[in-house]
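The values are calculated or read from the model by the stated rules, or taken from the named source; none is laboratory data. Because the structure is predicted, anything quoted here is derived from the model rather than measured. As a convention, Cβ positions derive from the backbone with ideal geometry for all residues, glycine included, and neighbour counts pool all protein chains shown.
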Amino acid sequence: MLIKKNKIKSNNKGMASNNGDVGCKSSRDPELFAHLFVNAPIGIYIVQDGRFKLVNPEFQRISGYSEKKLLQMSPKDIVHPEDWDEVRNKAIEMLKGQHSTPYVFRTLDKSGDVRWIIETVSSIYYEERRATLGYFMDTTEHERAKEALRISEEKFNKAFRSSPEWFVITTLEDGFYLDVNDAFLQTTGYRREEVIGKTSKELGIWAEPEQRDEMARILKEKGVVRNMEVKFRIRSGEIRHVLWSAEVIDYAGEKCLLAVTRDITPLKQAEEERLQREKLQVLLETAGATCHELNQPLQFIYYLLDELEDKHPDDQNIKDLRAQCDRIREITYKMDNITTYEATDYVKGSKIIDLDKACKWPPP
């Protein structure tokens, strides 16, 4: 190691401040200076005539180069080529006292890896000649964390904006819309300015408002809701069936919820159609069997009626009985020609098949 106790002493005698420049003469204890230089947790270096003159162990560790190698190099050799002009200009401005804010730049260590550095420099006299004292701190992990956060936020924003699912951010308590994505606007038919700053209650989005109350209760207890099946009313008044998921987040210093909504209306419609087809199939099978069973006794009744009418042509009871048989025949015709499942309300909330709508009547 080049820096030793006797070296520090001899250098200290040769360093003095001049016109505000920093000089090592201000350090009255060479041993303390040597200890701080060698054990400092940040890189420290002295540059003179465009070359490194002193480098501490932390500077060597950050750069990856040995002391011997560094003393043969200039700052330009380790600064990322794309950052060199900016670093040089900022260093000159700092040396002239034009600004004092540390500047950040990239370096290339011995293995070629990029390291992020925050640096300050000051003017000193070293061995009775002007030099630059630099403080060199590795902030690579911090910069990587910032970059990771930036990428994460960028991915979130991209997913938020471009997702085919509805994404919204609202306040937890009142349901004020803070942000919505294009999928929400396209499906609901609202414009952004009609939504932002309004509450879901004002827009009437929740077809069953009690469902939002239930959702808010769950979120306050558990912080998350997954695939809650609800009904939303869009601008046209149409009811959409959706799966609604949300998490509580901190947004602009307030408890909010990030919600994603999947429109399952087509699935619900397809399921309803499937159930209708199944019901219709059962209905057709039942109707066919019923008609088959009724037609034979009905034909026999008509045969008897014909004989009775021949004997008693003016008997009103016989005529009324024939009219009822004709009605039964009409019903069996309708049942035998059902094409759709159509129900109608009956007594005590029950439903029955609406035969007039379920088949083509009157017949062609």
Which residues, counting only those in region 74-83, are within 17 Å of Asp49 (Cα to Cα) and either surrounded by fewer than 15 Cβ atoms within 10 Å (Cβ to Cβ) or small (Gly, Ala, Ser) (or both)?
Ser74, Lys76
Here are Lys220, Lys255: which of them is surrounded by 13 or more Cβ atoms within 10 Å (Cβ to Cβ) and either on the phi < 0 side of the Ramachandran plot or among the aromatic types (Phe, Trp, Tyr) (or both)?
Lys255
Scan region 111-133 residue by residue and report those that are touching a residue at least 60 places away in the same chain (Cβ under 8 Å) and within 16 Å of Gly97 (Cβ to Cβ).
Ser122, Ser123, Ile124, Arg130, Thr132, Leu133
Mind listing just one residue for me: the one in region 330-361 that is among the basic types (Lys, Arg) and either at pLDDT below 75 or surrounded by fewer than 16 Cβ atoms within 10 Å (Cβ to Cβ) (or both) and, of those, nearest to Leu298 (Cα to Cα)?
Lys360
Yes/no for Ile352 being at negative phi, more than 44 Å from the chain's Cα centre (by Cα) and not in a helix (DSSP H, G or I)
yes
Among the residues that make up region 224-232, is at least one of them assigned to a helix (DSSP H, G or I) and of a type outside the set (Val, Ile, Thr)?
no
Residue check, Ala145 against (1) surrounded by 13 or more Cβ atoms within 10 Å (Cβ to Cβ); (2) in a helix (DSSP H, G or I), all met but one. Which one?
(1)
Every pair of residues 6+ apart whose Cβ atoms lie under 8 Å, when the first sits in region 243-267 and is free of Cβ contacts under 8 Å to residues at least 12 places away in the same chain and of a type in the set (Gly, Ala, Ser) while the second is surrounded by fewer than 16 Cβ atoms within 10 Å (Cβ to Cβ) and assigned to a strand (DSSP E or B):
none
Hey, among Val224, Val195, Val282, which residue is more than 17 Å from the chain's Cα centre (by Cα), within 17 Å of Glu165 (Cβ to Cβ) and not acidic (Asp, Glu)?
Val195
Residue check, Glu285 under 30 Å from Asn181 (Cα atoms), charged (D, E, K, R) and surrounded by fewer than 13 Cβ atoms within 10 Å (Cβ to Cβ)
no
Within region 271-295, track down each residue that is in contact with a helix residue (DSSP H, G or I) (Cβ under 7 Å, 6 or more places away or on another chain) and free of Cβ contacts under 8 Å to residues at least 40 places away in the same chain.
Leu294, Asn295
Within region 12-45, restricting attention to residues that are touching a helix residue (DSSP H, G or I) at 6+ places or on another chain (Cβ under 7 Å) and assigned to a helix (DSSP H, G or I), which residue is modelled with the highest pLDDT?
Val38
Say whether the condition of being within 43 Å of the chain's Cα centre (by Cα), within 16 Å of Ser111 (Cα to Cα) and surrounded by 14 or more Cβ atoms within 10 Å (Cβ to Cβ) is met by at least one residue in region 36-59.
yes
Neighbours by Cβ (under 8 Å, 6+ apart or cross-chain): first from region 79-107, over 22 Å from Ala131 (Cβ atoms); second of a type outside the set (S, T, N, Q) and assigned to a helix (DSSP H, G or I)
Val104/Glu143; Arg106/Glu82; Arg106/Asp83
Would you be able to say whether some residue in region 101-111 is touching a Ser or Thr at 6+ places or on another chain (Cβ under 6 Å), among the charged types (D, E, K, R) and closer than 24 Å to Glu147 by Cβ?
yes
Take region 167-180 and flag every residue that is out of contact with any Ser or Thr (no Cβ under 6 Å at 6 or more places or on another chain), buried (at least 20 other Cβ atoms within 10 Å of the Cβ) and more than 10 Å from Tyr251 (Cβ to Cβ).
Phe167, Val168, Val180
